[in-house]
Amino acid sequence: MGTSQQALLEIRATVQRRDFEMGYYLARKLVSPLHLPRVQAGLCLTGAALCATMIPTCSLYLGSVWAPVCGIGFFVFLAGLFGWLVPSMVKSRGGWMYQTNRTLSLPYTMRVFEDRFEWENEYERICAHWTDVDRCYENRQYYVLRGDLEKPLLVIPKKAMDAPAMETLSRFLKKTLAVRYRGG
Amino acid sequence: MQPVEVTFLVTKQDFYEWKRALSRAQLRRWEVMLCRGMGLCFLILGICGACFFPGTAAKTACALLMLLSVAVGLYYDTLYPYLIHRRITAMWETAPQKTYRIGFSEQQVTVDSERYCATLPYAMLSGVYEDSHVILLDIGAGELHFVPKRTLTKEEQQRLQQHLKRVMNEKYKQEGVR
């Protein structure tokens, strides 16, 4: 599978249920700015504000403010849905995925090379080139890789790494994956 | 059990059968029943409306409701397979060509491809689904492998079915298998 070469980094980690939930959520929310809960909630609140500006007009011409008030209620409800309920639903789906796949909870070792990475646990071994990675997401706690990797997501918790290793990996991923890299 | 090992290149037909089996395996029975139930309710409402409400507008609304009932009720029998087919065709265009070697032994399944190899005890599988064309090995969370049945002889298929039934128990599902 892999060719011999000096590894830039070797990471040993175990992904807990919480890590996978957060990694799954991170991969969902960083797809585009429109997937960010605060952007979605903000758009809904803008809709609510627009409805509020209609109150004087409706009051003057229709003699009732029920329609804009209902609009405000509807948009505030949507803001709550996108800002709070949907994120928790996405996280629970991640938790469910973690629960159904027993290999996700196993300790793994990941070796990072210039042209590829090797990932292995007790039962599986993946050797993928960086061109196989469609997206890489990073925030303060995790790196998440997704693409044609035979696994739905590869979550790397930063708590398993020391500061220089994190800095090296972040710089390497930014440089190697370019537009496929998204920082949170 | 005598080990069974197959090596295959994923063809377009295999890919199509694999994804179709996957969509069937993931289909929830209650969703299908709910759709059919809603379709039936809309149909009854439409018929009742057409019988009891006079006027062209009411009749048109009822006719539209009946059309909607057919679309909703038969969604999983008509539109859904078509949408799945379209999606699979689009996926095939970008799917990389892969060769797999999959082996079944008494204790474990081995999967070997260009970038991935695994030796998984049956206990690590979250389920096995078999239809008339493929056997899906579900590891869970969307991670799965498949064996096209064209690569197995009749005798190997029978041996494998018996073995999988024994080791997977209720996690082994068959559909449309003769």
| To the nearest 10 degrees, how steep is helix A:37-53 against the longest Cα principal axis of chain A, on a 0 to 90 scale? | 10
| Sorted by accessible area (1.4 Å probe), largest first, how do B:F53, B:F15 line up? | B:F53, B:F15
| Residues of the stretch B:26-46 with amide nitrogen under 17 Å from the 7 Å Cα-to-Cβ point of B:Y80? | B:26-41
| said: Are there any GluC sites (Glu not before Pro) in the stretch B:19-111 that are in a DSSP loop and have at most 14 other Cβ atoms within 10 Å? List them by number. | reply: B:E106
| task | Would you work out the relative contact order for chain B, in percent, from Cα pairs under 8 angstrom that are 6 or more residues apart? | result | 25
| Model label zone, A:Q99; criterion: amide N under 20 Å from point 7 Å along Cα-to-beta-carbon; scope the stretch B:21-46 | B:26-31
| Tensor-based shape of the stretch B:110-150 (alpha-carbon gyration tensor, a/c under 1.5 rounded, otherwise prolate or oblate) | oblate
| query | Given H placed on each backbone N at 1.01 Å, which residues far from A:Y181 in sequence or on other chains put an amide H within less than 5 Å of it? | reply | A:C136
| said: Suppose a student asked you for the relative contact order of the stretch A:27-99, using Cα pairs under 8 Å spaced at least 6 residues apart; what percent would you report? | reply: 34
| message | So, taking all protein chains as they sit and a 1.4 Å probe, how much accessible area belongs to B:K171, in Å² rounded to tens? | response | 80
| Built amide H within the under 5 Å cut-off of B:K98, gap 5+ | B:V10
| message | Please report the net charge: other residues with Cβ closer than 12 Å to the Cβ of B:Y100, K and R +1, D and E -1. | response | -2
| task | Could you work out how far helix A:163-177 tilts from the main Cα principal axis of chain A, as a 0 to 90 degree angle to the nearest 10? | result | 80
| Proximal aspartates and glutamates to A:K158, defined as alpha-carbon separation beneath 12 angstrom and excluding residues fewer than eight positions away on the same chain | A:D19, A:E138, A:E167
| request: Kindly sort B:M38, A:M22, B:M124 by accessible area of their heavy atoms, largest first, with the probe set to 1.4 Å. | output: B:M38, A:M22, B:M124
| message | If I require 20 Å or longer along the helix axis, counting alpha carbons, and a Kyte-Doolittle average no lower than -0.5, what helices from chain B are left? Use full DSSP H segments. | response | B:29-52, B:56-73, B:79-94
| request: Summarise the partner chain shielding of A:133-141 as one whole number: the mean count of Cβ atoms from other chains within 10 Å of each residue's Cβ. | output: 0
| message | Compute the angle between helix A:17-29 and the longest alpha-carbon principal axis of chain A, please, reported from 0 to 90 degrees and rounded to the nearest 10. | response | 60
| Which entries in the list A:K159/B:K12; B:K12/B:K171; A:K151/B:K12; B:K19/B:K59; A:K91/A:K175 go over 32 Å, if you measure between the two C-alpha atoms of each? | A:K159/B:K12; B:K19/B:K59
| field | Diffusion coefficient, µm² s⁻¹, Stokes-Einstein with Kirkwood Rh over alpha-carbon pairs of the protein assembly as shown at 4 °C and 1.567 mPa s | value | 53
| field | Summed buried accessible area for B+A [probe radius 1.4 Å, Å², rounded to 100] | value | 1700
| note | In the stretch B:83-158, the chymotrypsin sites (Phe, Trp or Tyr not before Pro) that sit in a DSSP loop and have at most 16 other Cβ atoms within 10 Å of their own Cβ are none
| field | 1.4 Å probe accessible area per residue over chain A, in Å² | value | 53
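The values are calculated or read from the model by the stated rules, or taken from the named source; none is laboratory data. Predicted model only: the values in this text are computed from it and were never measured. So basically every Cβ, Gly included, is an ideal-geometry build from the backbone, and we count neighbours across all protein chains shown. The area values use the complete protein model at the heavy-atom level, side chains included, leaving out ligands, DNA and RNA. Shrake-Rupley method; radii C 1.70, N 1.55, O 1.52, S 1.80 Å.
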